Every structure is written in structure tokens, then in C-alpha cells.
Amino acid sequence: MSPFGITSDTDDVAARGRLDPDSTARRWSLPAPPRFPLPVVGVIIYAGIRLLGLVVTVFLLQHGKFQQHGVSLTQWITRGDGGYYRAIAAHGYQYRPGQAAHTALFAFFPGYPAAIDSLAWLPGVSIGLAGFAVTVLAGMAAAWGLVALGLKLTADPRISLLMAAIWAVAPGSIVLSRVYAEALFCALAVWALVALLNRRWLTAGALVLLAGTVRSTALALIAAVAVAVLTALIQDARMRQRIALWWRPVTALLLAPLGLLGYWAYVALATRRLDGWFWIEEHVFHMSFDWGIGTVRVIRHTFLGAPSAAALLVVLAILAALGLTAWSLTERVPLYLHVYTVVVAFMAFTSSANWISSKPRFLLPAFLLALPLARLLAPLRTSVLIPLLVVLTVASTWFGLYLAIIAQWAP
């Protein structure tokens with residue numbers, strides 16, 4: 001009954017609801033949202049971050065100094081290292097013996113171009129589109145694996161999702177939307193670590209073998225497998241397990257380096273130099289191992305000299321990664337995971353400073369740097385985390401575009 005003595009339609013509905021409590025719910029309630037498995041939620045979050053990054057990229061490329069360089073979205077996605085990968089996918093490693101000065105293609109591992117070529121045969125699929133598709137699919141697989149890794153380590157769904165989200169907005173993450181090999185390597189690496197945690201030795205060994213055909217950072221995975229296998233064998237020996245049970249971890253240890261060593265051997269034969277791949281890295285791309293002396297010199301000049309904005313941004317990203325590396329060592333995780341993280345960070349820091357702007361990208365496989373940050377952010381409300389991730393996505397996208405287009409530095 002209304003205050004005015006008139007029975008309204010809503011009163012009738014309420015009365016019917018009292019007679020049949022489920023009738024109002026059936027008529028007026030919204031359907032419950034579908035519940036996805038947690039890793040799927042992680043993939044959705046990752047895809048949303050990448051999509052927002054592409055929207056920001058389109059906006060920036062059409063405004064200000066970014067627009068003056070006349071770079072389209074397609075060019076942005078496929079240029080850079082993508083040019084080499086597309087050439088390898090289309091034509092293989094074309095090389096004339098004895099002309100080692102023209103062997104730049106051999107610096108790029110074959111795993112990613114092979115994945116591109118596996119899609120490019122489809123009708124209407126170009127090499128560039130196939131490369132972008134491999135990157136997108138591999139990035140989603142990596143996000144799924146990161147959530148699985150986080151659950152295995154922490155059993156906390158919120159921390160696990162935040163690990164994937166933080167990785168997706170890292171300073172070098174813009175290459176996860178380009179024809180670069182990082183997404184594929186990260187996917188193989190994270191699932192190899194999950195396999196190690198589950199003691200699936202043969203799976204781990206096979207994944208590390210494949211990762212060795214994608215990037216030289218597979219050295220970190222090989223070190224992790226070695227430590228994991230050694231630890232397991234020591235534990236089995238103490239428990240007096242049968243030696244016959246050791247064949248799986250030992251086989252994984254033997255499989256792990258075959259991809260990396262096999263490609264290095266191929267380049268050595270093709271270039272007729274035992275150190276062929278390393279020679280190309282040093283003399284063609286001016287990339288070498290210098291124990292971090294060049295990086296330290298750049299950091300010192302940045303704070304004591306007159307640095308550019310690009311140098312300051314890159315140096316701050318590197319220092320933040322070093323701090324996170326030290327922080328991640330306080331996490332109570334298996335030793336081989338710490339070994340993996342430290343080796344990735346070590347390789348990135350100690351490579352020569354000629355490619356200082358690429359170091360944030362080299363650090364992308366160090367997933368566990370996100371773990372302490374995820375723990376720190378987990379207590380925040382979702383209403384706070386979503387705007388924070390949006391801001392970080394915009395910032396990391398601008399960072400990558402600024403380095404490559406305005407500063408003309410390699411991302």
C-alpha cells in the first residue's frame with residue numbers, strides 16, 4: 001500500500017514476492033557472472049593491459065613529436081628486431097661462407113622465427129601478422145604460467161594475479177606487443193620453472209631445450225635445472241632411493257643445454273669460427289660481456305654528469321631492478337628459483353652498455369622480481385589496484401615509445 005492509499009505495481013510485485021520468494025529473484029536479479037579459473041582471469045588481465053597499451057600507442061603515434069616521426073602502428077609492431085625475425089622466418093639464414101661481417105642474422109635465435117613460419121603458411125596470414133600472433137599467444141601463455149607459478153609458491157590468488165599484472169607493466173614490457181622474442185622466451189621459461197616445482201623433470205628439460213633456441217638467457221634456465229637436479233639427487237641419496245629413479249632428473253639435465261649449444265654449434269659451422277655467435281654479437285652489434293663496468297660508468301655519469309632524460313629513465317629502471325633482485329632473495333622459495341633470477345639479472349647488468357636502453361627488456365624474464373611487489377600491493381583494494389595498473393600501463397607504454405621514437409634508442 002502506498003502512503004496515499006493507492007496500491008502500486010511495485011506493491012503487487014512485493015506481495016507476489018512474499019507469496020513466492022523466488023519469483024522476484026527470477027524476474028529482477030541479474031545473472032551471476034561466470035566464474036573463470038584463476039589462470040584464465042590472469043590471462044584476461046594481461047590481455048586487457050596489452051590492449052590498453054596498444055590504444056595508448058595509437059594515441060601517442062598520432063600526436064606531438066611522436067607524430068612527426070611518421071611511424072604507423074604496423075611499423076611500430078614489426079620494426080626493430082622484428083625486421084630480422086621476419087627475414088629469418090621468410091628466407092632462413094641466408095649467408096655466404098667467409099663473409100662473417102654480414103652475418104647479423106645469426107645473432108637472432110631460430111625458435112621465434114620458426115614459430116612465426118608455422119603460422120605464416122595459413123591463407124591471408126602475412127609474416128608480420130604471424131609474428132604478432134605468436135607474440136600475443138605466447139604472452140598469454142606466459143601470464144597463465146605466472147599465475148600458476150604464483151599459486152604454487154604462495155597459494156594466494158591475489159598475489160598470483162598481481163605477479164602477472166606487474167610483469168605485464170614492467171618498463172620493458174612494450175616489446176610484449178611487438179615482433180620480438182621476449183614473449184615466447186618468457187612463456188617457455190615460466191612453464192619450465194613450474195615444471196621444476198612439480199618435479200616434472202622431462203617436461204622441464206624439454207622446455208629449457210626449446211628456450212635455448214629462442215634467447216641466450218636460457219643460460220639462467222640451464223643453471224636453475226642444474227641446481228634443481230643436484231638438490232634432488234642429494235636428497236634422494238640421503239633417503240637411499242634407488243639409483244634407477246634418478247634417470248628423469250639426469251635426463252632433464254642433459255636435455256636442458258642442447259638447444260642453446262646446438263644453435264651456437266650451428267653458427268660456428270656456418271661462420272667457420274668456433275666463437276661465431278659471440279664474434280657477431282661483439283663485432284656486429286657491439287654487445288659483449290664486461291662484468292658491468294660499462295653499465296656502472298653510465299650510472300655514474302648519469303648522476304654526476306649532465307644526463308639526458310632517456311638515460312635517467314633507463315638508469316632508474318635498472319637500479320629499481322637491482323633493488324628488486326636483492327629484495328626477491330628474501331622470499332622463501334626453492335634455491336633454483338633464486339639462481340634463475342640472479343643469473344637473468346647478472347646477464348642483463350653485465351652486458352656492455354652499448355645497449356643500455358635494452359636492459360629493461362633483458363630483465364623481463366626475471367618474473368620473480370614481481371613477487372615482493374605483489375605481496376606489498378595485495379592488501380590494497382581492487383578499486384585502488386585497477387587505476388594503479390592503468391597508470392602503470394600508460395607509463396610503461398610511454399617509456400618504451402619515448403626511448404625508441406623520440407630518443408632513438410633501442411627498446
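The values are calculated or read from the model by the stated rules, or taken from the named source; none is laboratory data. The model shown is predicted, which means the values in this text are computed figures rather than measured ones. We place every Cβ from the backbone using ideal geometry, glycine too, and count neighbours over all the protein chains shown. Surface accessibility is based on the protein's heavy atoms, side chains included, excluding ligands, DNA and RNA. Shrake-Rupley method; radii C 1.70, N 1.55, O 1.52, S 1.80 Å.
Numbers below:
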item	result
Of Leu369, Leu161, Leu38, the one that fluctuates the most in a GNM where the chain has Cα springs shorter than 10 Å	Leu38
Helix-only CD estimate at 222 nm, as mean residue ellipticity for the chain, using -39500 (n - 2.57) per DSSP H run (n ≥ 4)	-21000 deg cm²/dmol
Accessible carbon and sulfur surface of the chain relative to its total accessible area, %, 1.4 Å	67 percent
Principal-axis tilt of helix 309-328 within the chain, Cα atoms, nearest 10 degrees	80 degrees
Highest-fluctuation residue, Tyr85, Tyr266, Tyr112 considered, GNM on the chain with Cα pairs under 10 Å	Tyr266
Estimated inter-spin distance, Thr330 and Arg381, nm [label 7 Å along Cα→Cβ]	2.8 nm
Nearest 10 degrees, 0 to 90: helix 9-19 Cα axis against the chain principal axis	80 degrees
Trypsin sites (Lys or Arg not before Pro) within the range 344-401, DSSP loop, no more than 14 other Cβ atoms inside 10 Å	Arg381
Packing-based ranking, highest mean first, of 255-261, 146-152 given that Cβ atoms within 10 Å are counted	146-152, 255-261
Viscosity 1.567 mPa s, 4 °C: Kirkwood-radius Stokes-Einstein D of the chain over Cα pairs, µm²/s	55 µm²/s
Label point distance in nm, Ile293-Val390, each placed 7 Å from Cα along Cα→Cβ	4.9 nm
Selected from Thr78, Thr397, Thr330 as most flexible by GNM, with the chain as the system and alpha-carbon contacts under 10 Å	Thr330
Nearest-20 debye value, the range 204-357 charge dipole, Cβ charges on Lys, Arg, Asp, Glu	400 debye
Nearest 10 degrees, 0 to 90: helix 382-401 Cα axis against the chain principal axis	30 degrees
